[in-house]
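For reference, the structure discussed in these notes is given below.
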Amino acid sequence: MTSGRPHVSLIDGLPPRFGAYCCELWEFRQVAVMLIQRDLIVRFRQTFFGLAWLLFKPLMLMLVLFFAFGFLAGFDRNSAAPYPLTIFCGVLPWYLFTNAVPDAMNSLLSQMHIMQKTYFPRAIIPLAVVIVDGIEFFVAWLLFVLGCIWYGYLPGWQVVLFPVLCLQLFLLVASIGLWLSVLNVRFRDVGNLVPFLMTIAFFVTPVGYTLNQIPSEWQLLCSMNPLVGIIEGLRWSLLDGASGFPLVSWALSTIITLLASVLAVRQFLAVERFLVDLA
Amino acid sequence: MDDIVIDASGLGKRYRLSHKTRADSLKLWARNLMRAGLRGTSSADTEDFWALHDVSLQLHRGECLALVGRNGSGKSTLLKILSRVIPPTQGQARVRGRLVSLLEVGTGFHPELTGRENIFLNGAMLGCSRSLISRRFDRIVAFSGIERFLDTPVKHYSSGMYVRLAYSVAAHVEADILLIDEVLAVGDAEFQEKCLQSLQRQLQDGVAMIVVSHSVTRLHRIAKRVAWLRRGQIAEIAEASSNLLQRYLEDDCGVG
């Protein structure tokens, strides 16, 4: 039954190196594919409206925010692009963030029964969850496309930055998710704290409003939130806003995202092998 | 020696038993940290427990080693370390070839998914490529004998059907080394016989196995060597044809 190369592995209880770990992730990619497939199937099986749920939730949030900020507060008056499209650029990344971070956070605990019985690089579990939410994120952009058709609006050349910003958003979400997922195994408190923090984060993130609608002396502080640079970047990329590229907030967001990813990976690799013992 | 597939030396697993409330919350952790900072480490509250201590063994190609021992003697801990579910505290093991651990049947089975979908999911969990499972799909289904329910979600399966399907996947994976923990005790007598025969076939093909089971009669048929674990250590290791199994049985029943 021996096939091909005799693969020798050493079990010594030491933390894995980053490079070797990445190779192993690739080796076990089939597990990730199956987990992603399983999650996608299970999410929509026995639901009557199926995929429509993906569009319905962001649409409702957009309408509520449009009513609050556009209609009541009158923020839409000095907006170059149609205000609902501006809100979509905030709502869609926000939805990914608010879904994927808690999902990833809970993923290791909820899949612990598998981890206790078989080996594969554990990072597959939170990463697969982020990818599933990521797929839903891309489907939800259909709303934006429909909005563009409705308003007869066509994005300019700046749209080339869209994939870069999405990648940055994924990196941010995956990093926070990885970090919280191991933290949640050790300290279940995290599971209580994070949903609460999400509620607060919603109000300090320009989802229903834009960065230049808050007083200028507060804009820098607000940009310490890495989501701000991404959302404002998306608005620039897709809506060709009157204001220029949000350089400061985007640069801050990039630095914070890269920093978070390095810290998260280090933390994850350091404790990965103990996860089953800790649970 | 080229046909050694597992070479373990001095494996040990230590757990810290806490005699106080575990610092499971941030509050307790912070409090302990403060105390530890004030008067050194609080090691007085914990006690070391070696679930496995200084275990060395070698496994050859096409060989089946049986592990026997009472509950808590470290059999499962050893299998978990070798399958990399938990890390050893001491020692190391070199593993040559593809190791597949069957510590339970149906790892990753999801109740909402159909039998067909679960075969692929479980196969991936056991480290098989999709194409391998596709090629062996018909054999897996035939082995399980549940063709009619292949497209039914497994939540509607009887427990017998569930384990039959799960074991059928496990029996068809491509491995050089199999670690099996008590999963042979599934299904009815006929199905168990089928499982034993498939294991014997794999042994003849050169697959090496470590099997944990409390069913000594069954071990006799496939195991060449038997290791007796007591309190985390290998107390004895001998040929299966020796009287070790018999003595273990007497000891286990409290006769000896």
*Pair A:I41, B:N71: separation of 7 Å Cα→Cβ label points (nm)*: 3.6
*Rounded, prolate or oblate: which one fits region B:150-256, using the alpha carbon gyration tensor with axes a ≥ b ≥ c (rounded when a/c is under 1.5, else prolate when a/b beats b/c, else oblate)?*
prolate
*Give the relative contact order (percent, whole number) for chain B; include only Cα pairs under 8 Å separated by 6+ residues.*
26
*Counting other beta carbons within 10 Å of each Cβ, put B:R221, B:R164, A:R77 in order, fewest first.*
A:R77, B:R221, B:R164
*Among residues other than B:R116 whose Cβ falls under 11 Å from its Cβ, what is the net charge (Lys/Arg +1, Asp/Glu -1)?*
-3
_A:V139/B:S56 FRET efficiency (R0 51 Å; Cβ-Cβ; nearest 0.05)_ = 0.40
*What nm value, rounded to one decimal, do you get for the distance between A:L221 and B:A30 when each label is placed 7 Å out toward the C-beta?*
2.4
*Near B:G232, within a Cβ-to-Cβ distance under 11 Å, what is the net charge of the other residues, with Lys and Arg +1 and Asp and Glu -1?*
+4
_Cross-link pairs B:K155/B:K194; B:K80/B:K194; A:K117/B:K13 - those with Cα-Cα distance over 22 Å_ = B:K155/B:K194; B:K80/B:K194
*Take each complete run of DSSP H in chain A, measure how far its Cα atoms stretch along the helix's own axis, and keep only those covering 30 Å or more with mean Kyte-Doolittle hydropathy at least 0.0; list them.*
A:83-110, A:124-151, A:162-186, A:247-271
*Enumerate the calculated ³J(HN,Hα) couplings along region B:219-236 in order (Karplus 6.51 cos²θ - 1.76 cosθ + 1.60, θ = phi - 60°), each rounded to whole Hz, writing x wherever the residue is Gly or Pro.*
4, 3, 6, 10, 7, 8, 10, 10, 10, 9, 9, 9, 6, x, 10, 7, 7, 8
_Burial ordering of B:D2, A:D39, fewest other beta-carbon atoms within 10 Å first_ = B:D2, A:D39
*Can you give the mean number of other chain Cβ atoms that lie within 10 Å of the Cβ atoms in peptide B:203-209?*
1
*Exposure proxy ranking, count of Cβ atoms within 10 Å, fewest first, for A:S175, A:S223, A:S261, B:S215*: B:S215, A:S261, A:S223, A:S175
*Between region A:124-189 and region B:104-147, what is the C-alpha centre distance in whole Å?*
31
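Laboratory data are not the source of any read-out in this text; all were calculated from the coordinates shown. Nothing here was measured: the structure is a model prediction, and the numbers come from that model. FYI the Cβ positions are ideal-geometry reconstructions off the backbone, even for glycines, and counts take in every protein chain you see.
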